[in-house]
Amino acid sequence: MKVFVITLLMVLITGCSTINNVFPDRSREYERAETMPSLEIPPDLVASGINDSMSIPGESARVAPSQGQAITSSTPASTTTIRQASIESINNKPLLSIPEEYTAAWTEVDKILQNAEIQVNEQDQTTGVVNVSYSIDGQSENRGLFTMIKTWDWSTSADAQDFQISLTGVGNKTELIILDMDGEWVNDDASNSLLTTIRDHYNLSHTQ
């Protein structure tokens with residue numbers, strides 16, 4: 001029995017020595033351990049590099065404006081279009097094209113005849129015809145008392161002619177022609193001067 005106990009103790013002692021060799025005690029080494037330096041990340045693995053590689057081709061970087069920075073628009077500033085009447089020719093006959101619909105053009109022409117002191121004998125907006133007396137020299141057969149007093153010219157034009165001013169609405173514009181009293185489309189010095197006078201007054205009033 002004693003031999004068995006002695007043998008068992010020897011086995012246990014031998015086993016502990018073997019375990020210590022396989023699993024040595026490193027508690028002393030842990031106490032002497034030092035702090036390792038921080039891990040350095042390679043430049044190609046930095047977040048900014050990753051973000052650049054994930055950008056969409058063809059898309060430029062968009063930077064939000066900082067506080068107080070003005071936001072400029074690439075849209076060009078709008079420009080105001082000046083409407084101008086123009087004289088056109090159809091079959092060698094002059095025609096004044098007014099860039100307004102009929103009702104507005106009729107009102108404009110009525111004002112022009114008054115401002116130009118052209119005598120209006122009769123007018124009918126329904127038919128679009130205005131009968132006037134006009135001469136190249138005096139423009140109107142009866143220029144009015146105020147004009148004659150201002151210029152001290154009491155004479156009247158002996159070569160005044162009667163014309164019909166005809167207005168026709170064509171969509172968003174109006175065509176104006178000069179007719180004689182028989183309704184014939186005329187093309188002479190006096191009628192062309194009357195047409196030019198109406199055009200010039202219209203364009204002048206729309207550039208001021």
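Of all residues being in contact (Cβ under 8 Å) with a residue 60 or more places away in the chain and outside any strand (DSSP E or B) in region 164-185, which is farthest from residue 108 (Cα to Cα)? Just the residue, please. Give the steps one after another, and end with the answer.
Taking region 164-185 first, the residues in contact (Cβ under 8 Å) with a residue 60 or more places away in the chain are 167-169, 171-178, 185.
Going one step further and asking which of them are outside any strand (DSSP E or B), we end up with 171-172.
On the way: 171: 17, 172: 15 Å.
Among those residues, the one meeting the criterion is 171.
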I'd like the residue in region 86-130 that is assigned to a strand (DSSP E or B) and of a type in the set (Val, Ile, Thr) and, out of all such residues, is surrounded by the fewest Cβ atoms within 10 Å (Cβ to Cβ). 90
The one condition in (1) at pLDDT below 95; (2) surrounded by 10 or more Cβ atoms within 10 Å (Cβ to Cβ); (3) not in a helix (DSSP H, G or I) that residue 158 fails to fulfil: (2)
State which residue pairs qualify: first residue more than 16 Å from residue 191 (Cα to Cα) and inside region 82-98, second residue outside any strand (DSSP E or B) and at pLDDT 95 or above in any location, beta carbons under 6 Å apart, and separation of 6 or more residues or different chains. 83/99; 84/203; 85/199; 85/202; 85/203; 98/85; 98/105
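The values are calculated or read from the model by the stated rules, or taken from the named source; none is laboratory data. The shown structure was predicted, so the numbers you read here are calculated from the model rather than taken from an experiment. Positions of Cβ are backbone-derived with ideal geometry, glycine not excepted, and every protein chain shown enters the neighbour counts.
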